[in-house]
1. Just subtract the alpha-carbon distance of ASP82 and VAL182 from 0.36 nm times their residue separation and send over the number in nm, one decimal.
2. Answer with one residue from VAL118, VAL172, VAL140: the one whose Cα lies farthest towards the positive end of the charge dipole of region 67-226, charges on Cβ with Lys, Arg +1 and Asp, Glu -1.
3. If I stretch the segment between ALA50 and GLN7 completely, what's the gain in nm (0.36 nm per residue apart, minus their alpha carbon distance), one decimal?
4. Cα centroids of region 147-189 and region 229-253: how far apart, whole angstrom?
5. Top mean-square fluctuation among GLY238, GLY192, GLY39, Gaussian network model of the chain, C-alpha springs under 10 Å?
6. Could you list the square roots of 5 times each eigenvalue of the Cα gyration tensor of region 70-190, that is, the equivalent ellipsoid semi-axes, sorted largest first and rounded to whole Å?
7. Which value, in Å to one decimal place, does the Kirkwood hydrodynamic radius take for region 1-87 when every pair of different Cα atoms is included?
8. In nm, to one decimal, how far is the modelled label at VAL195 from the one at LEU28, with both set 7 Å along Cα→Cβ?
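The values are calculated or read from the model by the stated rules, or taken from the named source; none is laboratory data. Being a predicted model, the structure only gives us computed values, none of them experimental. Reconstructed Cβ throughout: ideal geometry from the backbone, glycine too, with neighbour counts over all protein chains shown. The protein model used for the area step is the full one, side chains on, heavy atoms only, and it has no ligands, DNA or RNA in it. Shrake-Rupley method; radii C 1.70, N 1.55, O 1.52, S 1.80 Å.
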Amino acid sequence: MAVAYEQYLVPVVFRPFAEDLAAKAVALRPRRVLELAAGTGVLTSELLAAAPSAEVTATDLNEAMVAFGAARVPGAVWRQADAQRLPFADGDFDLVVCQFGVMFFGDRVAAFTEVRRVLGPGGRFLFNTWGLLGTHAFEVALQAGLERAFPVDPPRFLATGPHGYADPGVVVADLTAAGFAVEEEQELTFEGRAVSIAGLATGYLTGTPVRAAVEERGDGPAVRAAVVEEMTARLGPGPVTAPMTAYVFCAVA
């Protein structure tokens, strides 16, 4: 999954937002940075390139992702960690960052409270989260392809997972409940650029939890063919550009 995610999805979907988040992080002049849900290290590498003097600790709940990220971005310290039970002392960091991970925290207020604990006074929590599914054209087309392949019981991971924390009011309320003051909230839209719709479909179908949902339901090659056909009908065969919307939050401890 990590290889497919890195090869097909990172350049198209995740790198534009990682570059933005890294630029925002550097403007805060951090010395000790903790990254949560670092995945394969797309934001990690951008942080190290933009702020080479900062000490970056990258974490992920998934040990396979930690191993992959550590090999790909060795300039950071990598650790397996649960965001709801961080293995760090109070005030260890002056910046905590997270790229498209907070929506997967089981108890977001508990995780945000842990983030505030490991931040020093005045430390910042900087993260992004996807908007509603309808604001991400690639994934609208993907979901349509899944519904074509599975008209009775299509996978709903996209709507309930990546796009399941898309109300800024709820995000701000959770941050406030954890003791943060929200300093900035921004809606941001970038154009993703995919060389090949077939490659993008492969990334989603083999490099995300959509893979497990498809394997539970039926024939993988037939599903891929249906998804590629539907995405191509909606977006073109590629190269293709499509808008993707997210929210960026900066909160102070």
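1. Result: 33.7 nm gained on full extension.
2. Checking the options against the dipole of region 67-226, the answer is VAL140.
3. Difference between extended and current length: 13.3 nm.
4. Centre-to-centre distance over Cα atoms comes out at 15 Å.
5. GLY238
6. Whole-Å semi-axes of the equivalent ellipsoid: 30, 18, 14.
7. 12.9
8. 3.4
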